[in-house]
Every structure is written in structure tokens, then in C-alpha cells.
1. Taking the range 71-100 only, how many residues are among the aromatic types (Phe, Trp, Tyr) and modelled with pLDDT of 85 or more?
2. Regarding residue 98, is this residue among the basic types (Lys, Arg), closer than 29 Å to residue 198 by Cβ and within 16 Å of the chain's Cα centre (by Cα)?
3. Hey, could you check the range 15-45 for residues that are among the β-branched types (Val, Ile, Thr) and surrounded by 14 or more Cβ atoms within 10 Å (Cβ to Cβ) and say which is farthest from the chain's Cα centre (by Cα)?
4. Using the structure shown, decide if residue 163 is among the aliphatic types (A, V, I, L, M), more than 29 Å from residue 57 (Cα to Cα) and touching a Phe, Trp or Tyr at 6+ places or on another chain (Cβ under 9 Å).
5. Assess whether residue 175 counts as being in contact (Cβ under 8 Å) with a residue 24 or more places away in the chain and surrounded by 19 or more Cβ atoms within 10 Å (Cβ to Cβ).
6. Failed condition for residue 125, given (1) modelled with pLDDT of 90 or more; (2) part of a helix (DSSP H, G or I), with all others met?
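The values are calculated or read from the model by the stated rules, or taken from the named source; none is laboratory data. These figures come from a predicted structure and were not determined experimentally. Note that each Cβ is placed from the backbone with ideal geometry, even for glycine, and that neighbours are counted across all protein chains shown.
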Amino acid sequence: MQHWIALFEEQIRETTWLQWLAVLLGVAEVLYARVNNIWLYPTGIAGTLISIYLLLVVQLYAESVLNLYYLVMSVYGWIHWVKKKNEPPVKITWSNGKEWMISLTITFAGWLVLYLLLKNFTPSNVPIWDAWVSSTAWAGMWLLARRKIENWIFLNVSNLFAIPLLFYKGLPMFAVLTLFLFVVAFWGFFEWKNILKKEKSILSAHPVISA
């Protein structure tokens, strides 16, 4: 145990200012998202740009591509927010059988494709691990866009594997940030369940009567 504590302390001392800045921007993005503030997008974009650079430096190529996707979605989300911020959001629901199949296909087919690309075309020494973290996050992001409760499950599978991977690659503050996101996603899962439960209770109490 003392060995791991000492290793963590050593990694913290070696953490660069860019890592600290990326983590602070990541925390700010989450907090802005929590209060539904549009500043989540510029902070998220800035943090993601730094993250892509740092992940490329340590040869986490799949996670770099994943962050590139986050970047594109952040720009899209910012534009979409400005244009349609007064429209009601998509309702939270559970995934149906077809959506589960799509999610699992994204996860396992994505993992295989990313693994083969990393194995054959990059010097990555963690192709299996890196590909798995990214493919599960891709599935989670797809479900999140569709407002499906299961998105939190897939995102937390990704977070769970990402934490030790980031420590291994010498990015301890990214690992701490991911641990923070793991807790947020765990909490988000149960909050979304409660929201869906309340909506069903309201519908049951006030059923819509068709003409």
C-alpha cells in the first residue's frame, strides 16, 4: 500500500501545468453542466484540446480519437444550444432491445476495430486496454445523445478501466478527474431513474385522454 501511495505522490510531483489546467477545465465543464450553464462548452472545448495533445504524447491514441469526438460534439452542442435552448429536451427512457444491440455492437465491434488499428498502425503498448476504454465510451455517448438511462452504465465501464490506465501512463490528475466523473455518472444513473419514475407517476395521476 505504501508503495502505491509513494508512486502516486511521485506522479503528482511530476504533473505538468498543462495537466493541471486540463483537469481544472474538465471539472469546470462538469460543474457548468450540472447547473445547465452554456459555459460548459467553451471550458470543455479548451480542456479537450489540451487533453488530446497530452494523450498523444503518452501514446493513448484511441482516447485521443475519443476526445476528438468530444470536441466535435461540444462545438455542435454549443451551436445547438444557442439555436434551440428554449425547446424541451428529449425525454429520458430505458433502452429497448434494438438499442441494446446497437450499443453492444458499438462496444465490441468498435473495440475490435480500434484494437487492430492500434496494434498494426501505432506504437501503442496498451492497444487492448485503450481500445476498450474508448469503445465503451462511444456506446455511452450514443446512448447519452438519445437520453437513455443505460448511458451511465457504459460510461462508467469506460471510466472504471480508464482510471488505472491513466495512472499507468503517468497522468495521475487525469485519473483523479476520471474518478470524479465515475462518481458523477454513478449519481447520474440514479437521478435519471428518479426523474423517469416521477414522470411516470405524473402521467399515471393525469392520464392523457384522447379525443
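1. Looking only at the range 71-100, we keep the residues that are among the aromatic types (Phe, Trp, Tyr), and these are 76, 78, 81, 94, 100.
Remaining after also requiring modelled with pLDDT of 85 or more: 94, 100.
Qualifying residue count for the region: 2.
2. The answer is no for residue 98.
3. My answer is 15.
4. No.
5. Details: in contact (Cβ under 8 Å) with a residue 24 or more places away in the chain: no; surrounded by 19 or more Cβ atoms within 10 Å (Cβ to Cβ): yes.
When the stated conditions are applied, residue 175 does not pass them.
6. (2)
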